[in-house]
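See structure below.
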Amino acid sequence: MIFTGAGNYYSAGVNFAGIKPMPPRKLRAMIIEHNQQLFEAFLNFPKPILVAMNGPAIGASVTSATLCNGIIASQKATFSTPFAALGLPAEGCSSIHFPRLLGEQTAQRMLGKEGWKPNGSEALVAGLVQWSVPHENLLDEAHKIAQNWIAQGIGRTFLAGSTLEELLAVNARESIEVADAILSAAFLREQARFLWSKNKHGPSLMFWSVSLLRPLWARFL
């Protein structure tokens, strides 16, 4: 399978503004379940997956791409994992998978406070992607790679020597950590600020209200 985006972006990542108010314990369980299912969809997919990164990718769309057989990136692609800026832990198995792919130092550049956002060419040098091509050649080159995989009988594999069993376990652990972080005071305030800056005032006020009331509902987690 060749997996790509439509238009100028590959994916803008998770839309936190779509979170609806609900009892805290139910919300935590929902976040754990949805986060885990998102990445399991990639991990458990039975056929080889080639990601054709056609433009900017943010957050979960970057980490999920690294769970595929390989990534070919347009030179217009960028890779952003702003978890530290959002007050979130690493997800999509990136807590162990990124250091293996990139080395500890480069992984921290992307996942930590620096928030390094490499383009397609830089990602190739760093080891995040396996091919980087001019934008206009992206899909043609992706189809050539896929045809070559078919000819060689390539099956579902994972990068950097990671195994399915290990990645499933890491994803389960990270999903709990993500849910706990999303319900933290620091994350709620940061999301309120961010959404207000994007003129999404309704969702922003919801996050502010939830953060202010946190001392009352946190005991029910």
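Only the coordinates and a few stated rules stand behind these numbers; no lab work does. Computed from a predicted model, the values in this text were never measured in an experiment. Cβ: placed from backbone, ideal geometry, glycine included. Neighbour counts: every protein chain shown.
Once each part is reduced to its C-alpha centroid, what is the distance from region 83-105 to region 1-49 in angstrom? Going from one Cα centre to the other spans 17 Å.
Please report the antiparallel percentage of DSSP beta bridges with both residues in the chain, rounded to the nearest 5. Write down the numbers at each step before the final one.
Details: 1 of 14 bridges.
Looking only at bridges with both residues in the chain, the antiparallel portion is about 5 percent.
How would region 10-74 be classified by its alpha-carbon gyration tensor: rounded, prolate or oblate, with rounded meaning a/c under 1.5 and the a/b versus b/c comparison settling the rest? Oblate.
With contacts taken as Cα pairs under 8 Å at a separation of at least 6 residues, the chain carries a relative contact order of 25 percent.
Pulled fully out, how much extra length does the chain show between Arg156 and Ala172, if you take 0.36 nm times their separation in residues and subtract their Cα-Cα distance? Let's see the in-between values first.
Details: separation 16, 0.36 × 16 = 5.76 nm, distance 2.06 nm.
Answer, rounded to one decimal: 3.7 nm.
Per-residue ellipticity at 222 nm from helix content only, as computed over the chain with -39500 (n - 2.57) for each DSSP H run of at least four residues, stands at -16000 deg cm²/dmol.
Projected onto its three principal axes, the C-alpha set of region 2-183 covers 50, 32, 32 Å, listed from the longest axis down.
When Rg is the radius of gyration of the Cα atoms in region 122-195 and Rh is its Kirkwood radius, what does Rg/Rh come to?
Details: Rg = 19.0 Å, Rh = 16.5 Å.
Reported Rg/Rh (Cα atoms, Kirkwood Rh): 1.16.
If the chain linking Asp180 and Asn137 were pulled fully straight, counting 0.36 nm for each residue of separation and taking away their Cα-Cα distance, it would gain 11.3 nm. Exposure proxy for Val125, Val51, Val170, Val178: other Cβ atoms within 10 Å of each Cβ, ordered fewest to most, give Val125, Val170, Val178, Val51.
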